[in-house]
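Asker: Quick one: the structure is below, and I'll ask about it shortly.
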Amino acid sequence: MSTPRPMDYRVRHITTYTYATPVTISHHASRLLPRGFDTQSVHHASVAIQPRPAHRCEREDFFGNRLTTFTLNESYRALTVTAASRVAVRPPALPDPERTPPWEEVAVRLASGIGAEIVENCQYTFDSPLVRASAELYAFAAPSFPPGRPVLAGAVDLCRRIHTEFAYDPAATTIATPMTQVLRERRGVCQDFAHVMIGALRALGLAARYVSGYVLTRMPGDGARLEGGDASHAWVSVFVPVAGVSNGGWIDIDPTNDKLVTHEHVVIAWGRDFEDVSPVKGVMLGGGHGLPEVSVDVTPLTSNGSVMTAPPAGP
């Protein structure tokens, strides 16, 4: 079988903060540089910060994400952070969902904590700051996971149900909206849907992590519209211990768009929930109240680096 050709993307993410009063000092942490792994290669990536920071450091965080920390100690009223990168994404090897292990078997293996692979991945079965397992989440997950159902088949069904039963509504929630409210009102955005799906999977004892990055609004040659292409996007990764699966058994699935992730998503970071992968956060003295303006552009490229022609607008 031939290896699928990677898709090349040029990504540009600009975040601008404008403040009513001067900020006199601030400390920030950003996760804006894409990470490399089995099915994603990073050709180049950089972060430009204006005003120029007094101190800046780049390192990997606990989860292996590329972390940029910086400090500004001179007064300013506007801060602009621009991330630019070029990455290649190769479609992962995915198993037949119906031929994956029963979900109970996977949960028992994760609970045992035996083996290097299990020890590394079982950390994603526990509660995290923004995702806490509950009886409500267990009840929500249960119809997708009857006894003996293959774990990936259950995850695909859960993804479909979230996509069908929840309304995509950017005005319904903020970063601070509790997951319990999202579950009750069935409205929100990609971050909310990812948190609900992760919480439901963890309530069953399964390992699920939060993935942040970008998704194309429309795929060249396809034209099908995907939600979440105008800003940072979020989806879910579920651990499926099957031999031959790409990325160590982690399979990405996008409840906002009801699909297994193949080559239209660019990964920036992953962790337990949004708190672990926030694109830009920090503390400051002064400034008053300032909301960020965010612009994201993901451009597919041909093999020689030129811009790929966009498809005609679809439905």
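Asker: Using +1 on the beta carbon of Lys and Arg, -1 on that of Asp and Glu, and nothing else charged, what's the dipole of the stretch 115-271 about the Cα centre, debye to 20?
Answerer: Value, rounded to 20: 240 debye.
Asker: Mind checking which of ALA141, TRP270, GLY154 is farthest towards the positive end of the chain's charge dipole, using Cβ charges of +1 (Lys, Arg) and -1 (Asp, Glu) about the Cα centre?
Answerer: After comparing all options, I get TRP270.
Asker: I've got another one for you. For the stretch 1-50, what does the accessible surface come to per residue with a 1.4 Å probe? Please give it in Å².
Answerer: Normalised by residue count, the accessible surface of the stretch 1-50 is 51 Å².
Asker: Follow-up question, since we're still on this one. Find the accessible area per residue for the stretch 128-190; the probe is 1.4 Å, ligands and nucleic acids are left out, and the unit is Å². Intermediate values should be presented prior to the final figure.
Answerer: Numbers: 3110 Å² over 63 residues.
Heavy-atom SASA per residue in the stretch 128-190 reads 49 Å².
Asker: With a cut-off of 8 Å between alpha carbons and a minimum separation of six or more residues, what is the relative contact order of the stretch 89-233 in percent?
Answerer: With pairs under 8 Å counted, the relative contact order is 28 percent.
Asker: Using only alpha carbon pairs under 8 Å that are at least six residues apart, calculate the relative contact order of the chain and give it in whole percent. Walk me through the intermediate numbers first.
Answerer: Values: 708 pairs, mean separation 87.5, N = 315.
This gives 28 percent for the chain.
Asker: For the residue pair VAL108 and THR299, what label-to-label distance in nm results when each label sits 7 Å from Cα along the Cα-to-beta-carbon direction?
Answerer: 5.4
Asker: Based on Cβ point charges of +1 for Lys and Arg and -1 for Asp and Glu, what charge dipole magnitude is obtained for the chain about its Cα centre, in debye rounded to the nearest 20?
Answerer: Approximately 540 debye in magnitude.
Asker: I'd like the Karplus ³J(HN,Hα) series for the stretch 270-283: coefficients 6.51, -1.76, 1.60, θ = phi - 60°, whole numbers in Hz, and an x wherever there's a Gly or Pro.
Answerer: 9, x, 6, 7, 4, 4, 7, 10, 3, x, 9, 8, x, 10
Asker: How many nm is it between the label spots at ALA116 and ARG10, if each spot is 7 Å from the Cα in line with the beta carbon?
Answerer: Here the answer is 4.1 nm between the modelled labels.
Asker: With a 1.4 Å probe and every protein chain kept in, tell me what percent of the accessible surface of the stretch 18-126 is carbon plus sulfur.
Answerer: 53
Asker: Continuing with the same structure: Quick one: putting +1 on the C-beta of Lys and Arg, -1 on the C-beta of Asp and Glu, what dipole do you get for the stretch 36-86 around its Cα centre, in Debye to the nearest 20?
Answerer: 220
Asker: Can I ask one more? Counting pairs of alpha carbon atoms under 8 Å apart in space and at least six apart in sequence, what relative contact order in percent does the stretch 46-153 give?
Answerer: For the stretch 46-153, the relative contact order is 26 percent.
Asker: Please work out the average accessible area per residue across the stretch 238-309, using the 1.4 Å probe convention, and give it in Å².
Answerer: Spelled out: the 1.4 Å probe surface of the stretch 238-309, per residue, equals 40 Å².
Asker: Let me ask another. Can you tell me how much longer the chain between HIS55 and ALA78 gets when fully stretched, taken as 0.36 nm per residue apart minus their C-alpha distance, in nm with one decimal? Mind dumping the intermediate values first?
Answerer: Working: separation 23, 0.36 × 23 = 8.28 nm, distance 1.76 nm.
Between HIS55 and ALA78, full extension yields 6.5 nm more.
Asker: Report the equivalent ellipsoid semi-axes for the chain in whole Å, largest first, defined as the square roots of five times the eigenvalues of the gyration tensor built from alpha carbon atoms.
Answerer: 32, 24, 19
Asker: Sticking with this structure for a sec: Counting only protein heavy atoms, what percent of the accessible surface of the stretch 130-223 is carbon or sulfur at a 1.4 Å probe?
Answerer: 55
Asker: Still on this model: As a test of the formula, what do you get for the chain when each DSSP H run with n ≥ 4 contributes -39,500 (n - 2.57) and the sum is divided by the residue count, at 222 nm and rounded to the nearest 500 deg cm²/dmol?
Answerer: Calculated mean residue ellipticity at 222 nm is -5500 deg cm²/dmol.
Asker: Sticking with the crude label model, points 7 Å out along Cα→Cβ, report the distance from ASN247 to TYR168 in nm, one decimal please.
Answerer: In this crude label model, ASN247 to TYR168 measures out at 1.9 nm.
The values are calculated or read from the model by the stated rules, or taken from the named source; none is laboratory data. Note that the structure is predicted; figures quoted are calculated from it, not measured. We place every Cβ from the backbone using ideal geometry, glycine too, and count neighbours over all the protein chains shown. Note: accessible area is taken over every heavy atom of the protein model, side chains too, but ligands, DNA and RNA are not part of it. Shrake-Rupley method; radii C 1.70, N 1.55, O 1.52, S 1.80 Å.
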